[in-house]
Structures are given as structure tokens and as C-alpha cells.
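The next block holds one structure in the form of C-alpha cells; read it before the comments.
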Amino acid sequence: MPRIVREAAVSWEGNVARGSGTMSARSSSAFAEIPFTLASRIGIPEGKTSPEELLAAAHAGCFTMSLANELTTAGTPPERLEVRCVVTMDEVEGKGHQIVHSELQADGTVPGCDEAAFAQAAEAADAGCPFSALIRASATVAVSATLS
């Protein structure tokens with residue numbers, strides 16, 4: 001696989017408590033000026049996002065592609081995969097707020113695959129997912145997998 005480089009940009013105005021910002025994809029232009037604020041990060045999102053939500057989406061996306069690859073390599077390509085990721089940030093003594101956990105829940109429709117093989121593919125997908133490795137450097141990752 002070639003080296004992959006992607007770029008995003010953030011613009012912020014004001015202090016952290018009352019300020020607001022936007023996030024934009026620079027490499028693909030897939031999204032532009034997604035709003036975020038401290039309130040959307042720690043409280044009710046009100047249509048805005050947060051870095052943690054974007055991390056959850058990125059982790060779920062990376063894992064899903066890895067799982068599709070594992071299943072295809074095993075001769076049971078998926079018909080459909082639904083993956084949910086929940087990222088948790090919490091106060092860590094002496095370190096402030098840190099990402100402490102990411103939980104992946106995969107549900108798949110995979111003809112010819114049984115629960116044991118699906119669970120094994122999910123484990124291998126987690127091991128091969130660069131985002132899982134990145135998060136594991138300072139937090140925990142949990143994976144559950146269920147066939148539809």
C-alpha cells in the first residue's frame with residue numbers, strides 16, 4: 001500500500017468557553033466547515049460535532065474496512081457490515097482529560113460465515129486497524145461482533 005497523507009483544517013474564533021470553530025477536509029473536500037464548540041464537545045451537540053465524534057467515525061471506518069478485508073480474504077466476503085464506535089474521554093489523574101476507551105460493535109451479514117469465524121475476523125481486523133493501534137497506545141479498545 002502506498003504512503004497515505006490526508007489533510008484537514010480547523011478555524012477557531014474566541015476563547016474556549018464561548019468560542020466556536022469549524023473543521024474542513026482539505027484533501028478530499030468531502031466536508032467543509034463542520035461546526036464545533038466546547039458545548040458540543042462536553043454537552044448537548046445541537047447539530048455540531050466534536051473531535052471525539054470524528055475520532056469515533058474514523059475508528060469505525062478504519063475497522064470496517066479491515067473487517068471487510070479479513071472476511072474477503074477468508075473467502076466469505078460480507079454482504080453488509082454495520083459498525084458502531086463509542087469513544088470515551090475522561091479525567092485521568094495527573095494527565096487531565098484523555099481518550100480512555102474506544103468500543104467497536106460490529107454487526108454483519110456474511111453468507112457462509114459462522115459466529116466463531118466472524119469473531120475471529122473481527123479480532124484480526126482490530127489487530128490490523130491502524131486506528132486501533134493508535135488508540136491502544138494510550139487507551140483501551142474493545143470489540144464485539146455479531147452476525148445478523
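For the reader, a short list of remarks on this structure follows.
- Summary of packing: across the peptides 48-56, 63-71, the per-residue average of other C-beta atoms within 10 Å ranks them, highest first, as 63-71, 48-56.
- Taking every C-alpha pair closer than 8 Å and separated by at least 6 residues, the mean separation divided by the residue count of the stretch 6-148 gives a relative contact order of 18 percent.
- Crossing angle, helix 51-73 versus the chain [Cα axis fit, 0-90 degrees, rounded to tens]: 20
- Computed Rg/Rh of the chain, alpha carbon atoms with Kirkwood Rh: 1.03
- Peptide packing for 137-147, 9-19 was compared via the average number of neighbouring C-beta atoms within 10 Å per residue; ordered from the highest value, the list is 137-147, 9-19.
- Length available on full extension from residue 103 to residue 147: 0.36 nm per residue minus the Cα-Cα distance, which gives 14.1 nm.
- Gained length - residue 133 relative to residue 74, 0.36 nm times residue gap less alpha-carbon distance: 19.0 nm
- Extension gain, residue 31 to residue 11: 0.36 nm times the residue separation minus the Cα-Cα distance gives 5.8 nm.
Since every read-out is calculated from the coordinates, none of them should be taken as a lab result. Just so we're clear, the structure is a prediction, and the values are computed from it rather than from any experiment. Virtual Cβ from ideal backbone geometry, glycine too; neighbours counted across all protein chains shown.
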